[in-house]
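The values are calculated or read from the model by the stated rules, or taken from the named source; none is laboratory data. For clarity, every value in this text was computed on a predicted model and none was experimentally measured. Note: ideal-geometry Cβ built from the backbone for every residue, glycine included; neighbour counts use all protein chains shown. To get the accessible areas, we keep the full protein, side chains included, count just its heavy atoms, and leave off ligands, DNA and RNA. Shrake-Rupley method; radii C 1.70, N 1.55, O 1.52, S 1.80 Å.
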Amino acid sequence: MTELNHKYRWWQEGIIYQIYPRSFQDTNGDGIGDIPGIIIRLDYVQSLGVTAIWLSPIFPSPMADFGYDMSDYQDIDPLFGSLADFDVLLTEVHNRGMKLILDLVPNHTSSQHPWFLESRSSLDNPKRDWYMWHDARPDGSPPNNWLSVFGGSGWEWDELTQQYYYHGFLKEQPDLNWRNPAVQDAMFTAMRFWLDKGVDGFRVDVIWHLIKDKQLRDNPVNPDYKPHMATYDQLLPVYSTDQPEVHDLIRQMRQLVDLYEDRLIIGEIYLPVHQLMAYYGVDGNEVHLPFNFQLLLLPWEALQIATAINEYEQALPVNGWPNWVLGNHDRPRIASRVGTEQARVAALFLLTLRGTPTLYYGDEIGMRDVAIPFEEVQDPQGLNMPEKNLSRDPERTPMQWNSQLNAGFTEGKPWLRLARDFVRQNVDQQQADPHSMFTFYKRMINLRQREPSLNVGDYRPIHSDAQLIAYIRHAENAPRFLIVLNLSHSPGYLTLSGRSLTGVVEIATLPEWEGFSISESISLGGDEGILVRLTT
Ligand code: GLC
């Protein structure tokens, strides 16, 4: 490995911005975002101050799950552009000093992938064992009780060859059999293809699903299941996910990535903290960043979140680098979950915690989930369980660039409708407004990237109660910062006496706070948060 000049890697000091390509910028009028669209918006992304872009899948796909069903691992879907467009994108990202992270979807392919077409063609096809084919039980029922995340059984009957195949997601997304070395080789070849082009890393889709119990044992019933939950949650996926053997596979992926200079693997993993930590590997030999989704999943309550931060910090392995995620294409947007005012507190939170922040396109202008009428729902998760309100369309609506036609996203008919208020809530408006969410994000990002304490310093909790969280960020020989956040809507009070902490508010959700000196006590209004540059 090459010696780095820096003590920290780019992905430790950096900030990741997730783009959902379908919804970022359309350039050909088909109502769907594309790679040339991303290219023309790179200056915007750079101006925000983020340092890396993660793109949701842009590869050939029948789009049953909007790209998470891939039919070719080494090409670009014509809907998004061409390989030539991709090469330009990569160069342009690098020219701006940013990094590009691609989505890798190794757990399953599309049912239209040539591998699966071959595999399903006959029992003795050489690729038969590339997928999880099994006989029915004597009564004709599926091999076991495993469920699909998107509803119903995880097993689909194939008339032609009289066997079931397993799909943890849609039946159009058959799971690969990762116990087969030929499958491993094929996926490693795909990874090399993109690494050779110079991509800076992968976000690996559902990495904890990769390998399943060899004996296909039934999953146990979830005693905490409630009817409003997705049907998948009726069982605990103890045999269909998070198997011990997954770690061997991830180590192999990591070894491959380590043959290239300074590349990154992020793992998408929804697991409790202690199981999550195993994905850093022994001496950090698995993923660099197992996504930490606690800010997405926990109720927005100060005590619970403060406790979770401490548990997470304590559970991290030596040299394990933390990370925090505030939004993604699978979960309701932060502004809808906690409210527009509180979303600023959330931004201040994300950007002052210790560890790499990932933010979701549009959250920087406070975009909200858009109500999508039943007849316009596109997301398979929403369509398959219509009574449960689980559609992910609301958080995937087009980026609101300006107050013109379709918010400047497309000249055609957008694939998902836009927010009703885009004329007032858009990038153009907010860039011109010193008090907008955009300006707030930009200033915070800028400060985080400038100040070592915020960028890579320690996290020291100093207080939490039912409303407030307060902590200090501190790096050696650098100014320290105190952050006090009110996660509730009502006023909250913090006494500092005896702590000898004094300083001046540098950035606050409410601009009137800025420049104010802090010493004895702090009275924060509801939905307020402050960042104080400490002088003692
Ligand atoms: C991941 C993706 C999600 C997708 C699923 C199946 O959770 O984030 O969008 O539907 O995997 O690939």
Report task. Quick one: which residues, 5 or more positions from Trp54 or on another chain, have an amide H under 5 Å from its amide H? H modelled 1.01 Å from N in the peptide plane, none for Pro or chain starts. Result -> Tyr17, Gln18, Ile19, Ile101
Query raised in the report: In degrees, nearest 10, range 0 to 90: what is the angle between the Cα axis of helix 437-450 and the longest Cα principal axis of the chain?
Result: 80 degrees
Report summary line: The relative contact order of the chain, taking Cα pairs under 8 Å that sit 6 or more residues apart, comes to a percentage of 13 percent
Query - All Cα pairs of the range 312-382, percent lying beyond 19 Å - result: 46 percent
Query raised in the report: Taking GluC sites (Glu not before Pro) as exposed when DSSP calls them loop (any state but H, G, I, E, B) and at most 10 other Cβ atoms lie within 10 Å, what is the longest stretch of the chain free of them, the sites themselves excluded?
Result: 262-475
Query raised in the report: For the chain, what's the radius of gyration and Dmax over Cα atoms, in angstrom?
Result: 23.6, 77
Query raised in the report: How do Lys413, Lys226 stack up against each other in accessible area, from largest to smallest, with a 1.4 angstrom probe?
Result: Lys413, Lys226
**Report entry** Contact order normalised by residue count of the range 1-67, Cα under 8 Å, 6+ apart, percent
**Finding:** 34 percent
Report summary line: With label points set 7 Å from each Cα along the Cα-to-Cβ direction at Tyr44 and Asn446, the distance between them in nm comes to 2.0 nm
**Report entry** Whole-percent carbon and sulfur share, accessible surface of the chain, 1.4 Å
**Finding:** 51 percent
Query raised in the report: Once phi is turned into θ = phi - 60°, what whole-Hz ³J(HN,Hα) does the Karplus curve with 6.51, -1.76 and 1.60 give for every residue of the range 330-345, x standing for Gly and Pro?
Result: 10, 10, x, 5, 4, 5, 7, 6, 10, x, 5, 5, 5, 4, 5, 4
Query raised in the report: Just by accessible area at a 1.4 angstrom probe, what is the order of Leu102, Leu298 from largest to smallest?
Result: Leu298, Leu102
Query raised in the report: Against the longest alpha carbon principal axis of the chain, how many degrees, from 0 to 90 and to the nearest 10, is the axis of helix 83-95 turned?
Result: 20 degrees
Query raised in the report: How do Trp115, Trp178 rank by accessible surface area computed with a 1.4 Å probe, from largest to smallest?
Result: Trp115, Trp178
Report task. Report the full-extension gain for the segment Ala84 to Ala315: residue separation times 0.36 nm, less the Cα-Cα distance, to one decimal in nm. Result -> 78.8 nm
**Report entry** the range 173-276 - accessible surface per residue (Å², probe 1.4 Å)
**Finding:** 41 Å²
Query raised in the report: By DSSP, what percent of the beta bridges with both residues in the chain are antiparallel, rounded to the nearest 5?
Result: 60 percent
Query raised in the report: Modelled label-to-label distance, Gln234 and Val504, 7 Å Cα→beta-carbon offset: nm?
Result: 6.3 nm
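Going by a ≥ b ≥ c, the root eigenvalues of the Cα gyration tensor, does the range 268-422 fall in the rounded group (a/c under 1.5), the prolate group (a/b larger than b/c) or the oblate group?
Judged from the Cα gyration tensor, the range 268-422 comes out prolate (a/c at least 1.5, a/b above b/c).
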Query raised in the report: Between Leu259 and Asp75, what is the spin-label point distance in nm, taking each point 7 Å from the Cα along the Cα→C-beta axis?
Result: 2.5 nm
Query - Within the range 81-227, percent of DSSP bridges classed antiparallel, to nearest 5 - result: 70 percent
Query raised in the report: Can you list the equivalent-ellipsoid semi-axes of the range 185-306, largest first and in whole Å, using the square root of 5 times each Cα gyration tensor eigenvalue?
Result: 29, 19, 13
Requested in this report: Hey, can you find the accessible area per residue of the range 1-138 for me, probe 1.4 Å, expressed in square angstrom?
Outcome: 37 Å²
Query raised in the report: For the chain, with only Lys/Arg (+1) and Asp/Glu (-1) charged at the beta-carbon, what is the dipole magnitude about the Cα centre, in debye rounded to 20?
Result: 1140 debye
Report task. Please work out the average accessible area per residue across the range 364-497, using the 1.4 Å probe convention, and give it in Å². Result -> 45 Å²
Report task. Report, for the range 1-136, the % of DSSP beta bridges that are antiparallel, rounded to 5. Result -> 0 percent
Report summary line: Over the chain, the sum of -39500 (n - 2.57) across DSSP H runs of at least four, divided by residue number and rounded to 500 deg cm²/dmol, gives at 222 nm -7000 deg cm²/dmol
